[in-house]
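The values are calculated or read from the model by the stated rules, or taken from the named source; none is laboratory data. Small disclaimer: the values here were computed from a predicted structure and weren't measured. Note that we place each Cβ from the backbone using ideal geometry, even for glycine, and neighbour counts take in every protein chain shown. In case anyone asks, the SASA skips ligands and DNA or RNA and just uses the protein heavy atoms, side chains included. Shrake-Rupley method; radii C 1.70, N 1.55, O 1.52, S 1.80 Å.
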Amino acid sequence: AVARVCDGGGEDLGEEELLALVAGGRRWTFSELQHDVAGLGSGLAGLIDPGDRVVVVADNRASYVAALYAVPRAGGVLTFGNTRHTPEELVTLVGRSGARVVMGTADHLDRLRGAALPTVRHRVCLDDVSPGAIPVADLLATPAFELVFLDWKAFGESCRPCLYSPFPSPGTLIEHLC
């Protein structure tokens, strides 16, 4: 799955600290990028329902890369906004896509300020601060959860549970902190 691209990136080569991303003066290993993607994905999962559209419009930056992987991880459908779209074109894109969340840098979110966007429930700012938007740092601070299944039938009469992740089974859905 797209959301798992950065998971364990260095493990294939036997190197835990393989470099995944360089942006500005910072360097991320795959494990650091995975941490940011997991946190952002968990934060986004609290804002959207599975299948909700999320428009992302931003210039290249580390939080943009994290968003590209976090949206599908949260169950959302990633919709790209072009940084060269006019405000009218962005409004049309957001409206026609039915986006529930718009993520972008402050300058691009500001171009949408005052626009009628009836499907949008949240705006997330990927860099500075934009009035009415959730700072990406707030979502990155969300503890990362993964789904697991509690399958009481796995051990027959012993009634001892068996935890599986991420494979579906006929059990009760629970979450655990990563």
*Could you grab the Rg to Rh ratio for segment 14-104? Cα atoms only, Kirkwood for Rh.*
1.03
_Peptide ranges 134-140, 91-97 listed from the most packed, as the mean C-beta count within 10 angstrom indicates_ = 134-140, 91-97
*Report the full-extension gain for the segment residue 141 to residue 84: residue separation times 0.36 nm, less the Cα-Cα distance, to one decimal in nm.*
17.5 nm
*Accessible area of residue 17, 1.4 Å probe, to the nearest 10 Å²?*
120
*Computed FRET value (nearest 0.05) for residue 113 with residue 22, which takes r as the C-beta separation and R₀ as 41 Å*: 0.80
*Note down the accessible area of residue 107, probe 1.4 Å, to the nearest 10 Å².*
80
*Accessible-area composition of segment 48-116, carbon plus sulfur, in percent [1.4 Å probe]*: 47
